[in-house]
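Visitor: Structure provided below as structure tokens; questions to follow.
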Amino acid sequence: MRRNRLKELGFKALLVTLCLVPTAHSRPIGSWLSSPRLALRGGKNLNEASTSQLRLQQHLSNILRDSRLTLDRISRTSKQVATHISLDARLSYPSSTRIVCLSGAAIFFAAKYAISKSEAAQRACHFWKRAGPIVAHYQFTQWWLNTSRAPIERRHVVYKTLHDRYCGPSLELILDLKGLYVKVGQVMSSRSDFMPIQYIECFSTLQDSIPQWPLDQALGIVRDSLQSEHGLDYEDVFESIDDVALGCASIGQVHRGVLKDSFVNSDPQYTGGKVVAIKIMHPEAKNRFECDFQVFRWLTRVAMPGWGQFLAELQKRLMTEFDYHNEAKNLVTVRNNLLRSQYSKRVRVPQTHTKLCCTHVLVMEMLNGKKLTDAIKDRLSNVLGGDKEKAAALLAQRQKGEFV
């Protein structure tokens, strides 16, 4: 019994580690097991299996070389396991059992150390720890309803219960991880043709704003960017920056700021005034998005197969938004084109202060105005004779896909 239990624990540690643990060096080890070229599924020949094993061993050796501390931990753990399984003649364990137990323990602790040193791995594990049970519950429910051949009315009731139960925890997970999860949540909240109404209503809060990053981190990014890219000190450029952000999105947040007089006229092309809007990119936003896309690709394979193509297009577009120099150039181009068009008096584009723009900081003139959704609501209420409640109800029905 003891021998079988140890063998089972060894195999479990090995399997869980290989399938679920991403590392900072490369893609997750589990992605090799799902690769079409290296998949160890029925019908694959021995050469492919050997190649996969060799690559897997090479990747693991790279992890082990990362730190002497890892090797020390593995050595101590291996000795403890060896003592635990009593490698004496009386128990006479087969060599295969000892190899499985020792290898499983070594890989487990190596993976644990790698996770502790990699934010990407921590975020992936945090996501699957909380989202995994939700996905599993939906998958099991689908299997159970199909197996029992439940009528459509019964299916609606069961799924409504699941949607009511998990929309709130899903929003909490999005707000906890931020980054790409917020962007995908925003897209989901606008897809009434695809998402259940419970998730649309719950995720609609992501359209307005999300909790901002701490102010000290935002100001630190501004200081470092100005110093590294322009050789300027923060105190010489800004009189003040508001503590509370005007808005916060998946990539960055916007604060109201006031320029010092010396910098208002430092750029001859800038005529926007002292009060500016400062768009600050969240720390490590690009790296987080790249890692989060990898997690979402796994999620689409497991539970959202229809979102694969959309996710690829979203990644292609979003990964171009992590350099505010490009955004500043685009704003200048759009602004100049509109000034020469018939819409010059109807549409305004904020003017950028190009001499203060950095890769992670964008400074532009402050434009006051209504939020687009609020303006639409006001116009609709005017059409309805000033009935704002009816206008809000009609817009809510339109969002749910119930109004044509």
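Visitor: Within segment 227-242, can you find the residues that are hydrophobic (A, V, I, L, M, F, W, C) and over 31 Å from the mean Cα position of the chain (by Cα)?
Guide: LEU232, VAL237, PHE238
Visitor: Only one of ALA285, ALA303 is in contact (Cβ under 8 Å) with a residue 60 or more places away in the chain, more than 30 Å from ARG223 (Cα to Cα) and surrounded by 15 or more Cβ atoms within 10 Å (Cβ to Cβ). Can you tell me which?
Guide: Values: ALA285 fails: more than 30 Å from ARG223 (Cα to Cα).
ALA303 is the lone residue from the list that is in contact (Cβ under 8 Å) with a residue 60 or more places away in the chain, more than 30 Å from ARG223 (Cα to Cα) and surrounded by 15 or more Cβ atoms within 10 Å (Cβ to Cβ).
Visitor: Additional query: Out of ALA277, ALA245, which single residue is surrounded by 18 or more Cβ atoms within 10 Å (Cβ to Cβ), under 28 Å from the mean Cα position of the chain (by Cα) and under 18 Å from THR352 (Cα atoms)?
Guide: Answer to the check: ALA277.
Visitor: Considering only residues that are among the polar types (S, T, N, Q) and surrounded by fewer than 13 Cβ atoms within 10 Å (Cβ to Cβ), which ones fall in segment 131-147?
Guide: Quick first cut of segment 131-147, residues among the polar types (S, T, N, Q) only: 139, 141-142, 146-147.
If the condition is that a residue be among the polar types (S, T, N, Q) and surrounded by fewer than 13 Cβ atoms within 10 Å (Cβ to Cβ), then GLN139, ASN146, THR147 are the ones that fit.
Visitor: Now a separate question. Specify the residue that is farthest from MET188 (Cα to Cα); the eligible residues are those in segment 137-170 that are touching a residue at least 12 places away in the same chain (Cβ under 8 Å) and among the hydroxyl-bearing types (Ser, Thr, Tyr).
Guide: THR141
Visitor: Sticking with this structure for a sec: Considering only residues that are in a loop (DSSP other than H, G, I, E, B) and not hydroxyl-bearing (Ser, Thr, Tyr), which ones fall in segment 311-349?
Guide: Taking segment 311-349 and keeping what is in a loop (DSSP other than H, G, I, E, B), we get 319-323, 340-349.
Hits for segment 311-349 are MET319, GLU321, PHE322, ASP323, ARG340, GLN342, LYS345, ARG346, VAL347, ARG348, VAL349.
Visitor: Is it true that VAL295 is buried (at least 20 other Cβ atoms within 10 Å of the Cβ) and within 30 Å of ILE134 (Cα to Cα)? Let's see the steps before the verdict.
Guide: Details: buried (at least 20 other Cβ atoms within 10 Å of the Cβ): yes; within 30 Å of ILE134 (Cα to Cα): yes.
For VAL295, the condition - buried (at least 20 other Cβ atoms within 10 Å of the Cβ) and within 30 Å of ILE134 (Cα to Cα) - is met.
Visitor: In this structure, does LEU162 turn out to be at pLDDT 90 or above, surrounded by 15 or more Cβ atoms within 10 Å (Cβ to Cβ) and over 30 Å from LYS286 (Cα atoms)?
Guide: yes
Visitor: If you don't mind, another one. Of the conditions (1) under 19 Å from GLN186 (Cβ atoms); (2) surrounded by 14 or more Cβ atoms within 10 Å (Cβ to Cβ); (3) of a type in the set (A, V, I, L, M); (4) free of Cβ contacts under 8 Å to residues at least 24 places away in the same chain, LEU338 fails just one. Which one is it?
Guide: It fails just one condition, (1).
Visitor: Related question: Residues in segment 273-320 that are touching a strand residue (DSSP E or B) at 6+ places or on another chain (Cβ under 8 Å) and under 14 Å from ALA120 (Cβ atoms): how many?
Guide: 1
Visitor: Which residue out of GLY185, GLY168 is small (Gly, Ala, Ser), closer than 23 Å to PRO133 by Cβ and surrounded by 15 or more Cβ atoms within 10 Å (Cβ to Cβ)?
Guide: Just one listed residue meets the conditions, GLY185.
The values are calculated or read from the model by the stated rules, or taken from the named source; none is laboratory data. A quick note: this is a predicted structure, and the numbers were derived from the prediction, not measured. Here the Cβ is made from the backbone with ideal geometry for all residues, glycine too, and neighbour counts use every protein chain on show.
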